[in-house]
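See below for the structure under consideration.
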């Protein structure tokens, strides 16, 4: 069964590297069904010539937005709890 890969896979299959996302490969039916069930591939249709979907993940803008600290005025900021003391005093040997 011929399938179109939806994700990149590392390693090899029958001594050949897996095709990149959007590439096609001919596999035994059982293996193809397992990849399709796992969401790693889809059944290839010869009339299907659409572009491969790019993985949806973090973009540079999303990473920068997530790492920026929110601007908070000091009057609105929650009170920081005081630090704990130095701990239990050591026992003095007589």
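The values are calculated or read from the model by the stated rules, or taken from the named source; none is laboratory data. Values in this document were obtained by computation on a predicted structure and should not be read as measured data. Neighbour counts run over all protein chains shown; Cβ positions are idealised from the backbone, glycine included.
Tabulated values for the structure
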quantity: Extreme residue, modelled with the lowest pLDDT, among residues of segment 27-60 that are surrounded by fewer than 10 Cβ atoms within 10 Å (Cβ to Cβ) and closer than 17 Å to residue 10 by Cα; calculated: 55
quantity: Residue match in segment 67-78 (condition: in a loop (DSSP other than H, G, I, E, B) and at pLDDT 80 or above); calculated: no
